[in-house]
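Take a look at the structure set out below.
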């Protein structure tokens, strides 16, 4: 804990990853855990681990301002379910990490730890930056479009958006009820798996419980209909990873999942905006002037989407999920670009969710795996996509791919 | 509004339907709407309608205590999305209606308006009682097991649990994320449809938008594997409604949907308890002694359910939904018992959710339709079950059945 606080003192001024830090509370929690351990009492699988919690996730002992001036100093009555589960397992909430406004697009002050002139991505901006800067080994995030995978990729850390519904959402800000997913950003896959196991209350997710990895690992490469929008460095990264995996024994095939999955990117945007306009009905009604212009316009767009178009987007989601299931028969994991390139210049945007949207729509688990550096020296990444409900298999396949890639160099 | 307040003054002392009443706020809102209307400004489709809001749904201007001493006086920062939508349409929140503890089973003080010695049902106890007593024409409820349909049936009002996800849940207490559904209790079907249209922001739900009803109406009767537990009066009610519908031109057939739908009642209980134990992780961790013994024991049971059993229950839900879709090809609506009998004696239980559980698990829309009186003179009801996402068709079929039954006597 003292290491985390020292690191925080060094890095936070230039980084602005935290919306709130509770150093005293974290020290007290760590001391209490030490005392429990000394007394021989069980302290839980995350005992003493300092964790950052995205500031759209309620904490009863720290403010939860949702990245919006509307909620400055807001004090929830309860810990979110995931925070309570974290604490019950010995995790210590070091502080609340910066989120884009209401988990959407308008950025907070956080900078990319690899280049202060660039965005860390978002909306889980502070969680990605805090892990990348070595302040905390893991942090909680949420994803509705690409809010875990994109910042994880831009900051060069592991990002895990589990299967929709795996981690309880009670006490987490709702933006789009049929998309919002709680997940974990972390320094290592095994840590991410351990934290997820606690948050989902599923002991089948810890590395020790993973079934032995398939041999050979069967990868299906999806270059996506947005391939033309992917920057050369990100394309090259995908090809390099696919090639290295094949060279190290993986069976790599190309997948073309079909028209509904192609349409899923646009359908995800429809669902996100239409449901967001409803979820934020109170803010739209009473305080529109206190929302960012970006968000206000997107929500106005969402509110104007007619019911038939919303129904069609949900139908696309169901059909895309079927297509993906069928296309991935005999495949262990999908390999696809995580982001379209390095973190863009500037702090006025969190980057483009284009490549993350479709996987969120279909509810499948996704891991962002760091994979080298781009032309400006910033992290690049690939995304691994698993089958719905098979989160342990995805994490295990990701670990196996990491081992194959380490064999690469 | 004055009528509602007068009625409240007469009935509330013996009824205890409200956890909080905001008479002054309601009068002010009604005056503001009058002034808007006088000025020729649009006032919305629910202009001036007094509405009760279940006390697990957040209101920024009234306390939201979740039916638990843990949250006495709790003041949310935001209106729940459904409350904001209601208000934007001119609806006036007269007050917060009594809920069973945390939308589960431990009852509040509310009495059945038809017999003060009997439960009104729950967990939307106050919403059902306030409508039945004529205090408000409509009230919001939530259902995770049978929390709208059961109290609506016991109190003799219309209850509507829409398709899962139709009404936004932002700002509503989460108990079981994959089951929790916001719905409406009301004095008449058309009112319920109008309020639902506002809450879902779907103008295709108002009666004027319903497509012309099928002729003849095709009813599929599901007597359920729990038929032996249904009391004679409730069985007779179902048979009488089916017979009267047939006599008045409906085509009535018997349905036996299959083994997964038979198993769905138990699977719903598994999902509800397992997800409830996670959603209420903070209360279980920090304040177990302030939960009722009933709830604490159920949550302990839920926390002990292993991941494989949770997965199996979700698989049952998917398979049961498929079975029901297949079994209802060529059927407009399923007719099935709403409850097992009249509201039971006593205020120490809200009755048995046995007959409501399976329909909640599969996410289909359900209407509870009052249908005569039982041997003790209390209301009985039938449930009408529609196809997922076809809420307007269900409401329209329910209205058609009501007309057929009126032709009965």
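The values are calculated or read from the model by the stated rules, or taken from the named source; none is laboratory data. Here the structure is a predicted model, which means the values were calculated and not measured. Heads up, the Cβs are rebuilt from the backbone with ideal geometry, glycines too, and the neighbour counts pull from every protein chain shown.
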Requested in this report: State yes or no: is residue B:193 surrounded by 24 or more Cβ atoms within 10 Å (Cβ to Cβ) and either assigned by TED's automatic domain parsing to the domain that holds residue B:66 or closer than 30 Å to residue B:281 by Cβ (or both)?
Outcome: yes
Query raised in the report: Which is within 25 Å of residue B:197 (Cβ to Cβ) and assigned by TED's automatic domain parsing to the domain that holds residue B:192, of B:40, B:67, B:73?
Result: B:40
Report task. Report, by residue number, each residue of segment B:348-371 that is assigned to a loop (DSSP other than H, G, I, E, B) and either out of contact with any strand residue (DSSP E or B) (no Cβ under 8 Å at 6 or more places or on another chain) or at positive phi (or both). Result -> B:348, B:349, B:350, B:351, B:352, B:353, B:354, B:363
Report task. For segment B:320-334, indicate whether the set of residues that are within 14 Å of chain A (Cβ to nearest Cβ) and buried (at least 21 other Cβ atoms within 10 Å of the Cβ) is non-empty. Result -> no
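Matching residues to (1) surrounded by fewer than 23 Cβ atoms within 10 Å (Cβ to Cβ); (2) under 24 Å from the mean Cα position of the chain (by Cα):
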residue	(1), (2)
B:12	yes, yes
B:19	no, yes
B:34	yes, no
B:45	yes, yes
B:51	no, yes
B:64	no, yes
B:71	yes, yes
B:75	yes, no
Report summary line: Taking segment A:88-124 and keeping residues within 14 Å of chain B (Cβ to nearest Cβ) and surrounded by fewer than 24 Cβ atoms within 10 Å (Cβ to Cβ) leaves A:88, A:89, A:90
Report summary line: Among (1) under 28 Å from residue A:299 (Cα atoms); (2) in contact with a strand residue (DSSP E or B) (Cβ under 9 Å, 6 or more places away or on another chain); (3) crowded, with 24+ Cβ neighbours inside 10 Å, residue A:164 falls short only on (3)
Report task. Name the one entry in A:195, A:252 that is modelled with pLDDT of 95 or more and over 21 Å from residue A:363 (Cα atoms). Result -> A:252
Query - Which numbered condition residue A:198 misses (of (1) crowded, with 21+ Cβ neighbours inside 10 Å; (2) within 30 Å of residue B:200 (Cα to Cα); (3) within 14 Å of chain B (Cβ to nearest Cβ)) - result: (2)
Query raised in the report: Can you tell me which residues in segment B:175-192 are closer than 25 Å to residue A:174 by Cα and in contact with a strand residue (DSSP E or B) (Cβ under 9 Å, 6 or more places away or on another chain)?
Result: B:175, B:179, B:180, B:181, B:182, B:183, B:184, B:185
**Report entry** Some residue of segment A:258-270 being at negative phi and at pLDDT below 95
**Finding:** no
**Report entry** All positions within segment B:237-260 that are surrounded by 16 or more Cβ atoms within 10 Å (Cβ to Cβ) and under 17 Å from residue B:338 (Cβ atoms)
**Finding:** B:237, B:238, B:240, B:241, B:242, B:244, B:245, B:255
**Report entry** Which numbered condition residue A:30 misses (of (1) part of a helix (DSSP H, G or I); (2) farther than 28 Å from residue B:176 by Cβ; (3) out of contact with any strand residue (DSSP E or B) (no Cβ under 9 Å at 6 or more places or on another chain))
**Finding:** (3)
Query raised in the report: Quick one: how many residues across segment A:166-191 are within 13 Å of the chain's Cα centre (by Cα) and within 14 Å of chain B (Cβ to nearest Cβ)?
Result: 5
Requested in this report: Filter segment A:372-409 for residues that are assigned to a loop (DSSP other than H, G, I, E, B) and either away from chain B (no Cβ under 14 Å) or in contact with a helix residue (DSSP H, G or I) (Cβ under 6 Å, 6 or more places away or on another chain) (or both) and give the result.
Outcome: A:374, A:375, A:376, A:377, A:378, A:386, A:407, A:408, A:409
Report task. Please work out which one of (1) crowded, with 17+ Cβ neighbours inside 10 Å; (2) touching a strand residue (DSSP E or B) at 6+ places or on another chain (Cβ under 9 Å) is the condition residue B:206 fails and give its number. Result -> (2)
